[in-house]
Amino acid sequence: MSSSQLPAQPKPKSPLRKRGSLQNTVSPDLRGVATAKALPSQRSLPGTPVCHKHFTIDLRTSMDGKYKEIAEELFTRSLADSEMRSAPYEFPEDSPIEQLEERRHRLERQISQDVKLEPDILLRAKQDFMKIDSTADLELLKEQNEVCVDHGPKERDNQGSLILEREFQRVSISGEEKCGVPFTDLLDAAKCVVKALFIREKYMALSMQSFCRTTARYMQELGEKPLELHVYEEIPETPVAADAPVHPPVSKTHPYEGQDPKNMPLDVGYGLKMVDGVVHVYTKSHFMEKNTELDLPYPDLQAYITDMNMMMALIINGPVKSFCYRRLQYLSSKFQMHILLNEMKELAAQRKVPHRDFYNIRKVDTHIHASSCMNQKHLLRFIKRAMKKYPAEIVHMEKGKGQTLMEVFESMNLTAYDLSVDTLDMHADRNTFHRFDKFNAKYNPIGESILREIFIKTDNYIEGKYFAHIVKEVMSDLEESKYQNAELRLSIYGRSHDEWDKLARWAVRHKVYSDNVRWLVQVPRLFDVYRTKNQLANFQEMLENIFLPLFEVTINPSSHPELHLFLQHVVGFDSVDDESKPEHHIFNLDSPLPFDWTEEDNPPYSYYLYYMYANMTVLNHLRRKRGFHTFVLRPHCGEAGPIHHLVSGFMLSESISHGLLLRKAPVLQYLYYLAQVGIAMSPLSNNSLFLSYHRNPLPEYLSRGLMVSLSTDDPLQFHFTKEPLMEEYSIATQVWKLSSCDMCELARNSVLMSGFTHKVKNYWLGPGYVKEGPESNDIRRSNVPDIRVAFRYETLCEELQLITQAVRSEELDTIEEEDSLSMAPIPGWQ
Ligand SMILES: [Zn+2]
């Protein structure tokens, strides 16, 4: 599978392959501005770093030309993994987080006191509150409550009482100096932020993942012309009426029943070959050469590294850091003010909505692993039941001899009666804190890996029968709860080509399906383990095992009929493992390509993510061509470990899980805010593993308006009740004193960032949910007051306005001033 005879992409590939010879030839091109000049002959999108292509506006900053150096320095530091008191991306270096927090609280107290001194405001707020909650209203409400069921809100609109409350008290800042930093710093920071957003927009568009519409709109105003690939705007027309019920219609037939491979879409007969770690598709299966290659774009490695270096330099730039830090502080304070002034109104708006409350709004558990989706009591009961029901069933092969379930337990000296939650010993406890290795061992019931294999694996001697049963029980619990949904992760390891088929067969044969559940496929970053055991010769083999079957089934569905069916319920990919494991390699242009990655070391996080993203992008284009749905990337990211994980996550993935480390990196946090990147947070899981509950940044992220949701991660290890997601909400609400409006906002976020279809979301959130601002909200479904949605929207617009305004204002200034702004000489410009 050597790629040398296959010049698949019309771009300069050869220098990338030679290690060591790169430094001199490539690095001058990599310097910011020069790159845009050096690469124009490449294909329009994939080969072009975002730099200055799409807009006339000057985005030069004082860091231009230094990205590579700064980034490499930072990577090296992260390798050293020194116990730095304050990392270079933190702010400010000399002040620990705790002190800052205290200062923030003091500020908040100050603000609230200031407002108390303002009797006018308070009086008006009170009057407003009284107005909407008058006795007449309450009477009317009572009547409605008696009449209305869970369906159409039809007549209610006419009554007028539900003309929803949208007026609220706004916090506005007047005067020119808006953000407390010198104008030149603001300008530099704004340019950097805009560049970073353009980078994300480019990668999202290229891979057909979604990008925040509001942000896109502001960015477009800056651009000379809109980005060519606005794929994410291709949302089909709303088929759902405004007064439709909140439950989507249920299909009567099981999606895995009565499916004949003969009725599947036809074979298009394309050929496949992986070249430099990325699958290439050819129109003829026997003639795989350049002229038969399909034009399925993906980001060129060089462009990716250039963009990543730029992002790395950006997050440690002093003025940018201080600017972002201040904006984040401002956002927190502004939210406090909003709550102070509008809390009562928000509550009143929620009370006015008949029937709807926190219990009957949609919630999606956006991050949960299938192998631990049941709680420990549930698993225990299941094991006991299995021992009673099927004692004689052969469940395992030991040295070529079949073992029955009874024999397995006898060999461990156990009876069904002996088993308890304590002997099962799967709960995370204080001994797992900062010990991911110990946590991983908790996946083994009674510490026995054989029980894990029998009960919570899809691929074992009984073909995952028990596991299918128990997942189906979890599914029926979700269906019973009606409003709870989950996105369960199943594993594909990349050790052999038939893993996908086995997984799909498991799901289809055992009919593991529920309308309340969608799948994500997680790929553990365990190349080093397989390589050491000699199961894989190089990294490319792993990538081939993960991606080639997906391409094959897309080209010819009946070649893997079960996989074709199963994939319809898979929404995307996840990348998992302990992020705190040290990485011994820096991903740059000198890194070996996947085929040459034969060492036993694990490739770094960004390497995994880039190749997953690149292959997924090509696959998505192929699938779109065939009219199939596309996938998204939603990796575990920023739970621990080096900060550049969050940089890769920002560039390549639609949303992430955890994001804990954003609390230490103000620039990234601000960027995640502006781009509204979804963050599925699991504070109970963090509490057992990486960060104690009271220090979890979720309430802070939420107050600033980041797109966060609550999820459980591993109910088997962390939760006690039958409804782990509710447990998660309940604890968060009590510890952080969240309001019912906050809870509903979190739940609404979870639906928005989930992979359920556009159509389903129309029912759950309302037919206008893709619109911007309060238009997108339907309080009768989400129970989130329009006031809250409007506040979030207006705040985001203001931030984007501030940034884009600053970038644009410079256009009007004179050239001399421009010269004084760029501190470094920029070679090759103009
Ligand atoms: Zn997880």
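The values are calculated or read from the model by the stated rules, or taken from the named source; none is laboratory data. Computed from a prediction, not measured in an experiment: that's the story for all the values here. So basically every Cβ, Gly included, is an ideal-geometry build from the backbone, and we count neighbours across all protein chains shown.
Quick notes
- Conditions (1) within 16 Å of the ligand (Cβ to nearest atom); (2) surrounded by 18 or more Cβ atoms within 10 Å (Cβ to Cβ); (3) under 29 Å from THR76 (Cβ atoms); number of the one not met by PHE587: (1)
- Residues of the stretch 691-734 satisfying the condition of being aromatic (Phe, Trp, Tyr), surrounded by fewer than 23 Cβ atoms within 10 Å (Cβ to Cβ) and within 29 Å of ASN444 (Cβ to Cβ): TYR693, PHE720
- Inside the stretch 633-650, residues that are under 12 Å from VAL576 (Cα atoms) and either more than 16 Å from the ligand (Cβ to nearest atom) or hydroxyl-bearing (Ser, Thr, Tyr) (or both) make up a count of 0.
- The residue that is modelled with the lowest pLDDT, among those in the stretch 213-248 that are closer than 20 Å to LEU796 by Cβ and hydroxyl-bearing (Ser, Thr, Tyr), is TYR232.
- Of all residues in the stretch 694-703, at least one satisfies being at pLDDT below 95 and not small (Gly, Ala, Ser).
- Residue within the stretch 286-293 that is at pLDDT below 95, crowded, with 18+ Cβ neighbours inside 10 Å, out of contact with any Gly (no Cβ under 6 Å at 6 or more places or on another chain) and closer than 30 Å to LYS625 by Cβ present: yes
- Qualifying residue in the stretch 714-728 (condition: more than 16 Å from the ligand (Cβ to nearest atom) and touching a Leu at 6+ places or on another chain (Cβ under 6 Å)): no
- Verdict on TYR443 being outside any helix (DSSP H, G or I) and in contact (Cβ under 8 Å) with a residue 40 or more places away in the chain: yes
- Of the residues making up the stretch 661-684, those that are within 16 Å of the ligand (Cβ to nearest atom) and among the small types (Gly, Ala, Ser) are GLY678, ALA680, SER682.
- Looking at PHE595, PHE631, just one residue is more than 28 Å from SER682 (Cα to Cα) and in contact with a Gly (Cβ under 9 Å, 6 or more places away or on another chain), and that residue is PHE595.
- For the stretch 163-196, the candidate set comprises residues that are modelled with pLDDT of 80 or more and of a type in the set (Lys, Arg); within that set, the residue that is surrounded by the fewest Cβ atoms within 10 Å (Cβ to Cβ) is ARG170.
- Tally of residues being more than 30 Å from ARG213 (Cβ to Cβ) and either among the small types (Gly, Ala, Ser) or out of contact with any helix residue (DSSP H, G or I) (no Cβ under 8 Å at 6 or more places or on another chain) (or both) across the stretch 695-725: 1
- Selection of the stretch 538-563 for residues being surrounded by fewer than 23 Cβ atoms within 10 Å (Cβ to Cβ), within 23 Å of ARG509 (Cα to Cα) and touching a Ser or Thr at 6+ places or on another chain (Cβ under 8 Å) yields ASN545, GLU552.
- For the stretch 718-776, the set of residues classified as closer than 21 Å to VAL246 by Cα and outside any helix (DSSP H, G or I) consists of SER754, GLY755, PHE756, THR757, GLY766, PRO767, GLY768, TYR769, VAL770, LYS771, GLU772, listed by residue number.
- Residues that are within 16 Å of the ligand (Cβ to nearest atom) and either hydrophobic (A, V, I, L, M, F, W, C) or at positive phi (or both) within the stretch 475-507 comprise ALA486, LEU488, LEU490, ILE492, listed in sequence order.
- Residues of the stretch 706-762 satisfying the condition of being among the basic types (Lys, Arg) and farther than 24 Å from THR432 by Cα: LYS737, ARG748, LYS759, LYS761
- When the criteria are applied in full, TYR282 meets the requirement of being of a type outside the set (Lys, Arg), touching an Asp or Glu at 6+ places or on another chain (Cβ under 7 Å), at pLDDT 90 or above and buried (at least 18 other Cβ atoms within 10 Å of the Cβ).
- Counting only helices (runs of 4 or more DSSP H) that sit wholly inside the stretch 469-559, those with at least 3 residues that are at pLDDT 95 or above, aliphatic (A, V, I, L, M) and within 28 Å of GLU600 (Cβ to Cβ) are 539-555.
- Residue match in the stretch 742-751 (condition: within 16 Å of the ligand (Cβ to nearest atom), of a type in the set (A, V, I, L, M, F, W, C) and touching a residue at least 60 places away in the same chain (Cβ under 8 Å)): no
- Residues in the stretch 267-323 that are of a type outside the set (Asp, Glu) and within 30 Å of PRO182 (Cβ to Cβ): 17 in all.
- TYR330 among the aromatic types (Phe, Trp, Tyr) and over 23 Å from the mean Cα position of the chain (by Cα): yes
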